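Undergrad: Below you'll find the structure I mean.
The values are calculated or read from the model by the stated rules, or taken from the named source; none is laboratory data. Since the structure is predicted, the reported quantities are computational estimates derived from the model, not experimental observations. Cβ coordinates were reconstructed from backbone atoms using ideal geometry, including for glycine residues, and neighbour counts include every protein chain displayed. Surface accessibility is based on the protein's heavy atoms, side chains included, excluding ligands, DNA and RNA. Shrake-Rupley method; radii C 1.70, N 1.55, O 1.52, S 1.80 Å.
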Amino acid sequence: MASLTDPDALLDEHKPDAGRTGAAPAVQLRAITRVFGVAPALVRVDLRVEAGEVLLLRGPNGAGKSTLLGVIATAISPTYGSGTVFGLDLVAGRDEIRRRSELVGHRTRLYEDLSATENLRFVCALHGADERRVDPALERVGLAPVAGDRVRGYSQGMRQRVALARAFLRSPDLLLLDEPYAGLDDPAKDLVDEEIRATRARGGTVIVATHDPTRGSAATRSLYMDGGRLLPELRRAAR
Amino acid sequence: MSALGQALAIAKKDLRIEVRGRHVAGTILPFAGTLLIAFGLSLGPGRSLLRQTAPGLLWLAVLFASVLAFRQAYQAEGEDGAFESLILAPIDKASVFLGKAAAVVVELLALEAVVVGLVVVLFDLPVGHAPVVLAGAFVLGTIGLAVVGSLFGALAEMPRTREAIFPLLVLPLCTPVLVAGVKATELATTGPAGQAGSWLGLLLAFDVVVTGVGSLLFVYLVED
């Protein structure tokens, strides 16, 4: 256990191989840097997340949380550094990583002129998931009565619920949630927490980036991001 | 699901969005119709001149309509970040390229049926002379336009690229389709249709090459 008075020792806790051995971690990043134009969004990020962990990422806007989740989801390539997800290389193992993970991001990634049901059926077609899971997933997020309506007429909160239902369809091994509570009412926020716990219960791993200080009770560990760098939450508190 | 099945799912989704949104019927068809009427009025009542220029004007209308159709097809992907969903899906990215091209082929062929009707009425173009050759020219030419548009349409939706890049890339690359399409249409309507074979062959070769190259290159265009 790192000393609370030694920030560098605390940092070592999320460096690769910091006192951990055994099976491949769910996520392992080594010196990941991502630069957009001339602006670095991530600076030499080292991170190790074990299978079954629920990691909470906190930090201000522009801290690099979304970019970090994008790199892990293989939506964004690192400029420098390397990493693995389930032991698979971020570039060479991209397809398998995508098969086993789900990113629920800021944008809901829905087609406005399709209904919620049609959107989710299309997701099933792309991912080879069972279409029979669509109706129960929409039922679970409380959208069954309007499942046949076009998404164009939905509120932002309803769209977020459909995006959440998409995660329910696939039971991914790695669930990446980027501000999942934004725009949701309390019952829907509870659904997010429920899904986080369910993913962990079946041995899956969850990484949540959120501003919401009232959420995160399911987390097993939290880290703070600022200026594209990762800091342990405890170090932030000690500052 | 096979790559072909994935491409069909993407095409079906795009066509469903088109049927709901009626973008081709509501925006692109009036544009093509206005273009033809404007040219018809500017050329005057001389039947011979109208007939001679009709194939070129017809293909110009189809070309501009195809640019609009592709912008529309990819705009639906960009509205709420849906394109990221396609990229992150564990599918062969060539199926995205082929699926979007297939949907636009169907949309453009429907549009062309109406536009050809307009040209027959406005320009007195005889389409009954060699209908199979004429249909072949439109089907092959439309596939050519669709694969070029599908390949580069994705670029306009990428972050950090400009929308203006799309016509700049697509229009020059479509020149062989335009030239061969006009010549084949001209021969199928007012000329010796038997001589259209080489132009149809050029269109077929263009389709095969661009479809093959596009299937291989698309993944490099869309991945970060």
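Undergrad: Can you tell me which residue within the stretch B:117-155, out of those that are surrounded by 21 or more Cβ atoms within 10 Å (Cβ to Cβ) and either more than 22 Å from B:L202 (Cα to Cα) or in contact with a strand residue (DSSP E or B) (Cβ under 7 Å, 6 or more places away or on another chain) (or both), is modelled with the lowest pLDDT?
TA: Residue satisfying both the conditions and the ranking: B:A154.
Undergrad: Look through the stretch B:185-224, keep the residues that are of a type in the set (D, E) and assigned to a helix (DSSP H, G or I), and return whichever of them is most open to solvent (accessible area, probe 1.4 Å).
TA: Looking at the filtered set, the residue picked out is B:E186.
Undergrad: Continuing with this model, one more query. For the stretch B:184-205, check the following and say yes or no: at least one residue is free of Cβ contacts under 8 Å to residues at least 40 places away in the same chain, charged (D, E, K, R) and more than 24 Å from B:P30 (Cβ to Cβ).
TA: So far as the stretch B:184-205 goes, no, none of its residues is free of Cβ contacts under 8 Å to residues at least 40 places away in the same chain, charged (D, E, K, R) and more than 24 Å from B:P30 (Cβ to Cβ).
Undergrad: Under 25 Å from B:M1 (Cβ atoms) and open to solvent by 10 Å² or more (accessible area, probe 1.4 Å), is that true of A:R98?
TA: Numbers: under 25 Å from B:M1 (Cβ atoms): yes; open to solvent by 10 Å² or more (accessible area, probe 1.4 Å): no.
No: the conditions fail for A:R98.
Undergrad: Follow-up question, since we're still on this one. Could you tell me whether B:E77 is open to solvent by 10 Å² or more (accessible area, probe 1.4 Å) and within 12 Å of chain A (Cβ to nearest Cβ)?
TA: No.
Undergrad: While we're looking at this one, here's another question. Has the stretch A:155-174 got any residue that is open to solvent by less than 10 Å² (accessible area, probe 1.4 Å), under 23 Å from A:F86 (Cα atoms) and not aliphatic (A, V, I, L, M)?
TA: yes
Undergrad: Still on this structure: Among (1) modelled with pLDDT of 85 or more; (2) among the basic types (K, R); (3) under 28 Å from A:V43 (Cβ atoms), which single condition is A:R215 missing?
TA: A:R215 satisfies all of (1) modelled with pLDDT of 85 or more; (2) among the basic types (K, R); (3) under 28 Å from A:V43 (Cβ atoms) except (1).
Undergrad: If you don't mind, there's one more thing I want to ask. Taking the options B:L43, B:L58, B:L50, B:L8, name whichever one is more than 10 Å from chain A (Cβ to nearest Cβ), surrounded by fewer than 19 Cβ atoms within 10 Å (Cβ to Cβ) and not small (G, A, S). Before the answer, list the steps.
TA: Details: B:L58 fails: surrounded by fewer than 19 Cβ atoms within 10 Å (Cβ to Cβ); B:L50 fails: surrounded by fewer than 19 Cβ atoms within 10 Å (Cβ to Cβ); B:L8 fails: more than 10 Å from chain A (Cβ to nearest Cβ).
Answer to the check: B:L43.
Undergrad: Follow-up question, since we're still on this one. Of the numbered conditions (1) within 16 Å of the chain's Cα centre (by Cα); (2) open to solvent by less than 50 Å² (accessible area, probe 1.4 Å), B:P172 fails exactly one; give the number of that condition.
TA: (2)
Undergrad: Going by the structure shown, is B:S66 among the polar types (S, T, N, Q) and closer than 14 Å to B:I10 by Cα?
TA: Criteria not met by B:S66.
Undergrad: Can you name the residue in the stretch A:198-211 that is in a loop (DSSP other than H, G, I, E, B) and surrounded by 15 or more Cβ atoms within 10 Å (Cβ to Cβ) and, of all such residues, is modelled with the lowest pLDDT?
TA: Restricting to residues being in a loop (DSSP other than H, G, I, E, B) and surrounded by 15 or more Cβ atoms within 10 Å (Cβ to Cβ), the top hit is A:T210.
Undergrad: Please verify whether the stretch A:56-75 includes one or more residues that are surrounded by fewer than 20 Cβ atoms within 10 Å (Cβ to Cβ) and under 18 Å from A:V192 (Cα atoms).
TA: No, the stretch A:56-75 has no match at all.
Undergrad: A further question follows. Filter the strands (runs of 3 or more DSSP E) completely within the stretch A:50-167 down to those with at least 3 residues that are in contact with a strand residue (DSSP E or B) (Cβ under 8 Å, 6 or more places away or on another chain) and within 12 Å of another protein chain (Cβ to nearest Cβ).
TA: A:101-104
Undergrad: For residues that are in a helix (DSSP H, G or I), surrounded by fewer than 16 Cβ atoms within 10 Å (Cβ to Cβ) and aliphatic (A, V, I, L, M), tally how many sit in the stretch A:182-197.
TA: If we filter the stretch A:182-197 for residues that are in a helix (DSSP H, G or I), which is where we start, we get A:186-197.
In the following step, the residues that additionally are surrounded by fewer than 16 Cβ atoms within 10 Å (Cβ to Cβ) were identified as A:186-187, A:190, A:194, A:197.
Among the residues that remain, those that are also aliphatic (A, V, I, L, M) are: none.
Result for the stretch A:182-197: 0.
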